[in-house]
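Computed from the coordinates by the stated procedures, all read-outs in this text should not be read as laboratory data. The structure displayed is predicted, hence computed values, not measured ones. Because the Cβ atoms are built from the backbone with ideal geometry, glycine has one as well, and the counts that use them run over all protein chains shown.
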Amino acid sequence: METTVQETKQRPSITFALFAYKQEAYIREAITGAFSQTYSPLTIILSDDHSPDQTFAIMEEMAQEYNGPHKIVLNRNDSNLGLCGHINRVMELVETDWVLDAAGDDISLPHRVEATWEAIQKHPDAYSIFFDMDYIRDDEKNLWRFVPSPYPHTTNNYIKHGWVRVAGPSHAFNISVFRKFGPIPCNVTSEDSVIPFRSTLLGKVLYVPSVVVRYRLHFSNITTLGRRLQKPEEFRSDRLRLINFYAATFDCYQLDLEKAVQLGIMEKEDFEQYSRTLAEQKRKLQIYMAAWQGPYFQRIGCAILTLFCPASFTGESHKQRLFLLVDSIFPFLDMIYHKYVRCRRF
């Protein structure tokens with residue numbers, strides 16, 4: 001539907017925040033996608049996390065050449081802040097109620113912001129909104145595809161399952177998740193696990209099953225890095241990295257629950273219930289971590305506990321947890337499996 005000049009004047013400004021680090025090969029396409037947005041008024045923040053390559057130079061060049069209707073804001077961090085540090089910095093620059101975030105290697109379709117605004121109007125109680133995605137498979141062997149979570153996006157489910165899947169490349173959120181709860185701790189490695197959790201404390205998380213972005217799958221995607229590591233010990237280290245991801249996320253959840261009580265948006269009884277569930281999840285996570293590292297018999301014992309007291313982060317199937325036990329008893333089997341099965345799948 002074509003938007004009239006009068007309707008545009010009545011609509012609120014929205015921020016499109018494009019984050020990049022060492023993405024000179026992809027950043028032009030990402031910026032072109034941002035500039036192509038049909039929604040107005042729109043502020044586009046092009047932010048670089050102190051890349052050592054030409055990423056920011058390309059941002060500057062394209063910003064200078066742009067002559068469209070959107071407001072362009074350039075930012076380059078004085079030092080590399082890391083993922084969440086970078087996000088926290090950009091949130092300080094945001095002056096609108098709603099923010100769409102985008103990575104420097106993905107391409108947003110022209111109607112992405114427009115579709116988000118339509119969803120905001122229909123669901124005023126939503127604080128996080130995400131959509132479906134198309135894929136650019138630079139890594140042809142990476143067949144990953146986003147599948148919406150079967151679990152409702154509730155506070156309890158985020159605690160119980162570690163997180164509930166959100167398509168981060170298509171995510172939009174209300175700035176209240178930062179204004180009320182503050183910056184995301186820098187040891188958190190995925191904002192997609194924290195921002196929607198905060199949204200459940202303020203309102204709801206909404207999924208819209210339409211494609212608004214092309215997500216690039218390439219050899220540097222962090223979610224599949226461990227599967228491409230050639231040595232079993234490297235793969236094990238990567239699994240421990242993912243376990244630490246859950247540990248940092250759970251710590252952040254606890255802080256956000258405490259803040260929710262301070263803000264008066266959560267009853268003390270609910271806080272105590274969520275805190276108990278969170279403490280149990282942390283205990284299971286510690287056991288799971290000990291099944292991956294440590295003395296031989298400790299690993300076996302913790303693998304047995306993981307097998308009979310599972311959690312969502314310990315593997316999607318009983319078979320995966322059983323294999324962890326077998327690996328703990330016979331470590332050499334993992335070397336064989338890694339060489340002839342795991343590495344050949346990617």
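One table, with the values for the structure above:
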quantity	calculated
Whole-Hz couplings from phi, Karplus 6.51/-1.76/1.60, listed for the stretch 131-144; x for Gly and Pro	10, 8, 9, 9, 9, 10, 9, 4, 9, 5, 7, 7, 9, 4
Antiparallel content of DSSP bridges confined to the chain, in %, to 5	20 percent
Length-normalised contact order for the stretch 1-93 - Cα pairs under 8 Å, 6+ apart - percent	30 percent
GNM flexibility winner over the chain from Phe235, Phe16, Phe332 (Cα, springs under 10 Å)	Phe332
The stretch 276-323 - Kirkwood radius from inverse mean 1/r over Cα pairs (Å)	10.7 Å
Unit Cα scatterers, Debye sum, the chain: log10 I(q)/I(0) for q = 0.09, 0.11 Å⁻¹	-0.54, -0.80
Residue order, fewest to most surrounding Cβ atoms within 10 angstrom, among Phe197, Phe313, Phe146	Phe146, Phe313, Phe197
About the Cα centre, charge dipole magnitude for the stretch 5-224 (Lys/Arg +1, Asp/Glu -1 at Cβ), debye	780 debye
Average Cα contact separation per residue, the chain, under 8 Å, 6 or more apart, as relative contact order %	16 percent
Cα shape, the stretch 113-172, gyration tensor, a/c 1.5 rule	oblate
Shape of the stretch 139-292, Cα gyration tensor, a/c cut at 1.5	oblate
Built amide H within the under 5 Å cut-off of Tyr135, gap 5+	Tyr215
Pairs of Lys in the stretch 226-345 closer than 30 Å at Cα, counting only those 8 or more apart or on different chains	13
The stretch 250-339, relative contact order in percent, only Cα pairs under 8 angstrom and at least six apart counted	20 percent
Range in the chain, longest, excluding exposed GluC sites (Glu not before Pro) [loop by DSSP; at most 12 other beta-carbon atoms within 10 Å]	141-266
Cα gyration tensor category, rounded, prolate or oblate, for the stretch 226-345 with a/c compared to 1.5	prolate
Highest-MSF residue in the chain out of Pro185, Pro331, Pro196 [GNM, Cα springs under 10 Å]	Pro331
